[in-house]
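A short worksheet on the structure shown next.
The values are calculated or read from the model by the stated rules, or taken from the named source; none is laboratory data. Since the model is a prediction, treat every value here as computed from it, not as a measurement. Quick reminder, even Gly has a Cβ in these numbers, built from the backbone with ideal geometry, and neighbours come from all protein chains shown. Areas reflect the complete protein model, heavy atoms only, side chains present, ligands, DNA and RNA absent. Shrake-Rupley method; radii C 1.70, N 1.55, O 1.52, S 1.80 Å.
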Amino acid sequence: LDEVGILRPGAGSNNAEAYAPRIMTLDNGVRVAFVSATAVVPGGFAATAERPGVADAKWAIPRVLAAVRAAAASNDVVVVSVHWGIERETCPSEEQRDLAAELIEAGASLILGHHPHVLQPIETFDRTVIAYSLGNFAWHPRYGITGDTGVLEITFDGSYVEGYRFYPHVLDYRGGATPISSGDRYDRIVDVIEGRCEQHDPESPPTSEVL
């Protein structure tokens with residue numbers, strides 16, 4: 001990634017590198033900082049002072065918040081990407097909401113979430129856009145709710161977020177994202193993105209009664 005000039009926030013050869021913001025300077029001089037971390041941390045994946053790995057947002061939240069504050073202090077826009085949430089749950093968990101509030105207080109301009117493999121609501125708070133989960137976009141074919149996806153467009157005025165638009169897509173038989181503008185799946189995507197998510201949560205698996 002380094003060799004081809006692709007920014008790679010959220011991982012590194014040690015924890016200092018994993019938590020460090022990656023900076024992109026746009027043609028208009030606006031500096032955009034990217035901070036990435038994961039609240040889903042399998043054993044041995046977290047970076048340490050001597051071991052490569054990912055930035056831990058489960059057991060080391062203060063370190064993530066410190067990275068966001070540092071990024072906000074010397075850049076115009078701070079984009080935070082977080083791997084969090086519960087798989088297949090269309091509504092964000094309390095843990096997601098709590099961490100989002102802390103990230104906003106630390107200086108996040110935009111929060112992009114992933115891990116649940118389904119879409120979750122997009123909200124705005126204090127000029128910050130929070131996309132709790134953007135679902136699956138580059139994936140193998142999915143025909144149910146895990147195949148509902150989309151493209152999020154954020155509009156900035158200099159360093160200030162003016163708003164956003166979301167363009168619903170579904171994964172086709174090849175796993176590619178195809179735009180849609182009507183139908184049951186379109187309506188479901190709009191429901192979830194606009195916060196009417198409870199009705200689209202998957203049913204709990206049946207429990208068997210022990211006699």
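Sum -39500 (n - 2.57) across every DSSP H segment of at least 4 residues in the chain, then divide by the residue count to get the 222 nm mean residue ellipticity, nearest 500. Mean residue ellipticity, 222 nm, calculated: -6000 deg cm²/dmol. Near V32: Cβ cut-off under 11 Å, other residues only, Lys/Arg at +1 and Asp/Glu at -1. The net charge is +1. Output the antiparallel fraction of DSSP beta bridges having both residues in the chain, as a percent to the nearest 5. Antiparallel: roughly 60 percent of the beta bridges in the chain.
One decimal place: the segment E94-T48 gains 13.8 nm when fully extended, by the rule 0.36 nm per residue minus the C-alpha distance. When each pair of different Cα atoms in the stretch 80-147 is counted once in the 1/r mean, what is the Kirkwood radius in angstroms, to one decimal? Answer for the stretch 80-147: a Kirkwood hydrodynamic radius of 12.1 Å. Counting only alpha carbon atoms, the long axis of helix 61-74 and the longest principal axis of the chain meet at about 60°.
A straight chain from E194 to S159 at 0.36 nm per residue would run longer than the Cα-Cα distance by 10.1 nm. Taken over the stretch 53-104, the ratio of Cα radius of gyration to 2.2 N^0.38 Å equals 1.22. The apolar share of the surface of the stretch 18-166, taken as the fraction of accessible area on carbon and sulfur atoms (1.4 Å probe, ligands and nucleic acids excluded), comes to 55 percent. Taking amide H as placed 1.01 Å from N in the peptide plane, the amide H of G12 sits under 5 Å from that of A18, G53, each at least 5 places away or on another chain. For the stretch 9-78, a Kirkwood radius taken over Cα pairs fed into Stokes-Einstein (20 °C, viscosity 1.002 mPa s) yields D = 176 µm²/s.
The local environment of D191, defined by Cβ-Cβ distances under 12 Å, has a net charge of -3 under the rule Lys, Arg +1 and Asp, Glu -1. Here the stretch 95-211 is treated as a Stokes sphere of Kirkwood radius computed over C-alpha pairs; at 20 °C and 1.002 mPa s its diffusion coefficient rounds to 139 µm²/s.
What do you get for the angle between helix 184-193 and the principal long axis of the chain? Use alpha-carbon atoms, 0 to 90 degrees, nearest ten. Here the helix axis deviates by roughly 40 degrees. Working ranking of peptides 11-19, 138-146 by packing, defined as the average number of other Cβ atoms within 10 Å per residue, highest first, is 11-19, 138-146. Here the chain has an Rg and Dmax of 18.1, 70 Å, counting Cα atoms alone. Computed across the stretch 15-139, the Kirkwood hydrodynamic radius from all distinct Cα-Cα pairs reaches 14.7 Å.
In the context of the full set of protein chains, the stretch 109-211 has a per residue accessible area of 58 Å² (1.4 Å probe). Once the Cα-Cα distance is subtracted from the 0.36 nm per residue extended length, the D187 to F125 segment shows a gain of 19.9 nm.
If both residues of a DSSP beta bridge must be in the stretch 1-106, then about 40% of such bridges are antiparallel.
Between the helical axis of 94-106 and the longest alpha-carbon principal axis of the chain there is an angle of about 30 degrees.
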